[in-house]
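Peer 1: Please see the structure below; I have some questions.
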Amino acid sequence: MNTIQLELYNESLQPKPILKWAGGKQQMLDILLSNAPKQFNKYIEPFIGGGALFFALQPDQAVIADSNPELINLYTVVANNVDELIALLKEMKNSEEDFYKIRSLDVTKMSAIEKAARTIYLNKTCYNGLYRVNRKGQFNVPFGRYKNPNICDEPNLRAASVVLKRTRIVQGDYKDILKEHAEPGDFIYLDPPYLPISKYSDFKRYTKEQFYEEDQRELAEEVDRLAEMGCHVLLTNSNHPLVHELYGKYKISVHQTKRYINSDASKRTGEDILVKVEPQKKLIIIPKPVELPKQMEAFPATRYMGSKQSLLKDIWSVASAFKFDSVLDLFSGSSVVSYMFKTQNKQVFSNDYMAFSSCFAKAMIENNKYMLTDNDVKTLCAPNPNADGFVTETFRDLYFCEEDNNFIDTVRANIKMLKNEYKRAVAQSALARACLKKRPRGIFTYTGHRYDDGRRDLLLSLEEQFIEAVTQINSAVFDNGKANKARHGDAMDVRFKADIVYIDPPYYSPLSDNEYVRRYHFIEGLIRDWKGVEMQWHTKTKKFKSYPTPFSTEKGAYDAFNQLFKRHRESILIVSYSSNSLPTKDDMLKLMAKYKTHVEVIEVDHRYSFGNQGHKVGDNKNEVKEYLFVGFDR
């Protein structure tokens with residue numbers, strides 16, 4: 001771990017840059033040090049140049065790099081052969097004749113130490129310390145005519161050598177360097193070739209590199225990646241509109257600086273930008289094995305389209321990565337996810353646009369203590385002369401036998417005698433569950449009993465199914481000490497505020513429908529007592545018109561997700577969605593990223609119990625990826 005004291009740079013105690021370098025940061029050193037992190041793992045500078053900040057920090061662990069081979073050779077020699085280098089430098093003279101003789105040497109025939117000595121010599125004696133090469137890669141800066149340049153600064157070379165010995169020195173492209181070496185907690189300083197203060201089309205060659213607009217944009221993408229990884233980043237550049245555009249999300253400060261290498265004195269002032277990127281506290285969510293509370297076993301299992309019964313551990317594994325007290329389940333369906341959160345002692349707000357789903361939530365989520373007694377059950381099953389016979393007459397010979405239809409009408413009439421709203425919800429839920437269990441495949445899209453496979457659920461009378469359902473739902477009722485709420489209504493209008501918002505909407509796919517009403521119209525009508533629905537009397541199944549939903553089209557689903565993410569942007573978002581549905585995974589990630597600073601997706605193998613259109617998706621037998629999109633702020 002590197003630790004620095006945020007004090008002014010003390011030149012007497014620190015090695016200084018070995019070279020005078022175009023764009024060197026000696027004059028900004030106090031600013032850079034005051035913005036550097038107090039602690040970091042290792043230091044990385046992939047555009048090392050003169051290395052002013054590197055030498056000031058003297059990090060214990062560091063990687064320095066540059067694409068300039070002569071520069072990297074110099075630092076390598078200073079690290080490993082400083083004595084030999086000093087000896088050569090002491091022999092070199094500051095004369096025009098020696099300068100041009102040394103400048104004209106063929107570096108390909110020189111040793112590493114000789115090349116390093118040449119680099120320092122030319123830098124100290126050439127005009128303004130400028131590094132510039134011609135098209136052949138040959139150094140072409142003229143003699144500087146300085147009276148007494150310090151060609152061999154022995155104390156500084158030895159001090160620099162101490163730091164460089166413990167440093168990894170690499171030649172290469174900055175992206176390759178960062179990809180290989182950058183890790184969470186590292187401190188990365190980026191001092192790329194600057195943007196000129198002119199139109200983008202006026203980019204000029206800067207030292208040996210070209211950094212055009214596209215290069216600057218690539219660099220900004222790399223900064224975003226480093227921030228997501230959890231790195232500390234400082235970046236310097238010129239005060240150019242494009243720099244503000246690229247780094248507007250980060251802290252930017254502007255500083256007056258001097259341009260020593262410009263031959264025009266009027267242009268030797270400028271404004272440098274410092275971009276400070278705090279590491280984003282990356283939370284990598286990896287589903288891990290979890291065990292659910294024993295109470296979860298009491299939830300009455302059912303075959304319900306889109307039920308997340310088999311995904312509960314995955315959902316809890318993701319949710320448990322966060323600290324939270326409350327959950328909003330926007331599309332509660334069977335209420336199994338709401339119930340799972342309730343067993344974890346969270347306050348649960350449950351919502352669904354289907355009345356029977358909301359009834360389940362009323363009975364087992366909002367209800368903390370009320371159960372049906374044996375006397376209540378006897379009363380509910382007792383003949384009632386006031387029963388209206390609606391089910392018996394309307395659905396004769398469609399789904400159930402005459403006896404079962406009569407029983408449904410009896411219980412419908414008797415439920416109204418229960419004064420307690422939660423007992424009524426338990427009774428209605430038990431009746432709905434009995435109808436689902438008694439019905440082959442648990443749906444009402446067909447009539448008759450052609451899917452009767454002789455299993456026990458189909459052999460029991462509906463009254464027997466009802467009594468069993470009451471027992472199961474009674475067992476599911478428990479008090480988690482929270483004021484839980486169940487709501488029946490449009491998810492787009494929910495006003496509940498919660499720490500986590502779980503979204504499991506109808507999945508839109510052009511390959512199959514997501515009409516819950518078409519599958520469950522009978523039990524939906526049962527809970528609503530067929531009030532406020534538009535019956536389609538001409539249909540064989542005697543269904544009613546489906547509710548309007550934005551999730552019936554691709555555009556509608558996209559717009560609905562966008563609206564939901566925007567409305568609940570203050571909460572942690574967890575979204576269940578399928579790999580064969582639209583919007584696509586990439587679209588969902590982009591949508592969520594509009595409102596959350598960090599988005600992850602966890603993929604889970606899943607087989608749906610429903611989805612008889614599965615053969616249309618490449619004969620996948622309903623085997624798809626279930627996505628859990630997670631959006632949160634750091």
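Peer 1: Would you say R424 is in contact (Cβ under 8 Å) with a residue 24 or more places away in the chain and in a helix (DSSP H, G or I)? Break it down into steps so the answer makes sense when it comes.
Peer 2: Details: in contact (Cβ under 8 Å) with a residue 24 or more places away in the chain: no; in a helix (DSSP H, G or I): yes.
Against the criterion (in contact (Cβ under 8 Å) with a residue 24 or more places away in the chain and in a helix (DSSP H, G or I)), R424 does not qualify.
Peer 1: How many of the residues in segment 418-439 are farther than 22 Å from S335 by Cα and at pLDDT below 95? Can you show your working first?
Peer 2: So in segment 418-439, the residues farther than 22 Å from S335 by Cα come out as 418-419.
Applying the additional criterion that residues be at pLDDT below 95 yields none.
Residues that pass the stated criteria total 0.
Peer 1: Looking only at segment 115-136, which residues are free of Cβ contacts under 8 Å to residues at least 60 places away in the same chain and farther than 23 Å from A62 by Cα?
Peer 2: First pass over segment 115-136, keeping only residues free of Cβ contacts under 8 Å to residues at least 60 places away in the same chain: 115-118, 121-122, 125-127, 134-136.
K115, A117, R118, Y121, L122, T125, C126, Y127, N134, R135, K136 - these are the residues of segment 115-136 that are free of Cβ contacts under 8 Å to residues at least 60 places away in the same chain and farther than 23 Å from A62 by Cα.
Peer 1: Then there is this: Among the residues in segment 92-99, are any buried (at least 17 other Cβ atoms within 10 Å of the Cβ) and in contact (Cβ under 8 Å) with a residue 60 or more places away in the chain? Break it down stepwise before answering.
Peer 2: Quick first cut of segment 92-99, residues buried (at least 17 other Cβ atoms within 10 Å of the Cβ) only: 92, 94, 99.
Among the residues that remain, those that are also in contact (Cβ under 8 Å) with a residue 60 or more places away in the chain are: 92.
Among the residues of segment 92-99, at least one is buried (at least 17 other Cβ atoms within 10 Å of the Cβ) and in contact (Cβ under 8 Å) with a residue 60 or more places away in the chain, which makes the answer yes.
Peer 1: So, one more: Any chance segment 492-499 includes a residue that's in contact with a strand residue (DSSP E or B) (Cβ under 7 Å, 6 or more places away or on another chain), outside any loop (DSSP other than H, G, I, E, B) and either of a type in the set (D, E, K, R) or at pLDDT 95 or above (or both)? Don't jump to the end; show me each part of the working.
Peer 2: Our first condition is that a residue be in contact with a strand residue (DSSP E or B) (Cβ under 7 Å, 6 or more places away or on another chain); within segment 492-499, this holds for 494, 496, 498-499.
Narrowing further to those that are outside any loop (DSSP other than H, G, I, E, B): none.
No - not one qualifying residue is present in segment 492-499.
Peer 1: In the list I527, I473, which residue meets the criterion of being closer than 22 Å to F390 by Cα, in contact with a helix residue (DSSP H, G or I) (Cβ under 6 Å, 6 or more places away or on another chain) and in contact (Cβ under 8 Å) with a residue 24 or more places away in the chain? Spell out how you get there, then give the answer.
Peer 2: Working: I473 fails: closer than 22 Å to F390 by Cα.
Of I527, I473, the one residue that is closer than 22 Å to F390 by Cα, in contact with a helix residue (DSSP H, G or I) (Cβ under 6 Å, 6 or more places away or on another chain) and in contact (Cβ under 8 Å) with a residue 24 or more places away in the chain is I527.
Peer 1: So which of L436, L380, L418, L431 is in contact (Cβ under 8 Å) with a residue 24 or more places away in the chain and not in a helix (DSSP H, G or I)?
Peer 2: Details: L436 fails: not in a helix (DSSP H, G or I); L380 fails: not in a helix (DSSP H, G or I); L431 fails: not in a helix (DSSP H, G or I).
Sole residue among the options that is in contact (Cβ under 8 Å) with a residue 24 or more places away in the chain and not in a helix (DSSP H, G or I): L418.
Peer 1: Of the conditions (1) part of a helix (DSSP H, G or I); (2) at pLDDT below 95; (3) surrounded by fewer than 17 Cβ atoms within 10 Å (Cβ to Cβ), D314 fails just one. Which one is it?
Peer 2: Of (1) part of a helix (DSSP H, G or I); (2) at pLDDT below 95; (3) surrounded by fewer than 17 Cβ atoms within 10 Å (Cβ to Cβ), only one is false for D314: (3).
Peer 1: Considering segment 318-373 alone, what residues qualify as being basic (K, R) and not in a loop (DSSP other than H, G, I, E, B)? Spell out how you get there, then give the answer.
Peer 2: Of segment 318-373, the ones basic (K, R) are 323, 342, 346, 362, 369.
If the condition is that a residue be basic (K, R) and not in a loop (DSSP other than H, G, I, E, B), then K342, K362 are the ones that fit.
Peer 1: Consider I120 against the criteria (1) in a helix (DSSP H, G or I); (2) farther than 18 Å from V170 by Cβ; (3) within 44 Å of the chain's Cα centre (by Cα): it satisfies all of them except one. Which criterion is unmet?
Peer 2: (3)
Peer 1: Now for a separate question. Got at least one residue in segment 292-299 being hydrophobic (A, V, I, L, M, F, W, C), within 21 Å of the chain's Cα centre (by Cα), modelled with pLDDT of 90 or more and outside any loop (DSSP other than H, G, I, E, B)?
Peer 2: Here is the first cut: in segment 292-299, the ones hydrophobic (A, V, I, L, M, F, W, C) are 292, 296, 298-299.
Now restrict to residues that are within 21 Å of the chain's Cα centre (by Cα): none.
Scanning segment 292-299, I find no residue that is hydrophobic (A, V, I, L, M, F, W, C), within 21 Å of the chain's Cα centre (by Cα), modelled with pLDDT of 90 or more and outside any loop (DSSP other than H, G, I, E, B), so the answer is no.
Residue by residue, here is whether (1) on the phi < 0 side of the Ramachandran plot; (2) within 38 Å of the chain's Cα centre (by Cα) holds:
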{"residue": "E154", "(1), (2)": "yes, no"}
{"residue": "A159", "(1), (2)": "yes, no"}
{"residue": "L178", "(1), (2)": "yes, yes"}
{"residue": "H181", "(1), (2)": "yes, yes"}
{"residue": "G185", "(1), (2)": "no, yes"}
{"residue": "L190", "(1), (2)": "yes, yes"}
{"residue": "L195", "(1), (2)": "yes, yes"}
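Peer 1: Could you check D479 against (1) acidic (D, E); (2) closer than 22 Å to F360 by Cα; (3) part of a helix (DSSP H, G or I) and say which number it fails?
Peer 2: Of (1) acidic (D, E); (2) closer than 22 Å to F360 by Cα; (3) part of a helix (DSSP H, G or I), only one is false for D479: (3).
Peer 1: Of all residues in segment 443-476, which are hydrophobic (A, V, I, L, M, F, W, C) and more than 47 Å from the chain's Cα centre (by Cα)? I'd like the intermediate steps shown before the answer.
Peer 2: Let us first name the residues in segment 443-476 that are hydrophobic (A, V, I, L, M, F, W, C), namely 443-444, 458-460, 462, 466-467, 469-470, 473, 476.
Once the filter is applied, which keeps residues that are hydrophobic (A, V, I, L, M, F, W, C) and more than 47 Å from the chain's Cα centre (by Cα), segment 443-476 yields L459, L460, L462.
Peer 1: I've got another one for you. Here is a check on your reading of the model: is M371 under 30 Å from T343 (Cα atoms), modelled with pLDDT of 95 or more, surrounded by fewer than 18 Cβ atoms within 10 Å (Cβ to Cβ) and aliphatic (A, V, I, L, M)?
Peer 2: Numbers: under 30 Å from T343 (Cα atoms): yes; modelled with pLDDT of 95 or more: yes; surrounded by fewer than 18 Cβ atoms within 10 Å (Cβ to Cβ): yes; aliphatic (A, V, I, L, M): yes.
In short, yes.
The values are calculated or read from the model by the stated rules, or taken from the named source; none is laboratory data. Everything numeric in this text was worked out from a predicted model, so none of it was measured. Reconstructed Cβ throughout: ideal geometry from the backbone, glycine too, with neighbour counts over all protein chains shown.
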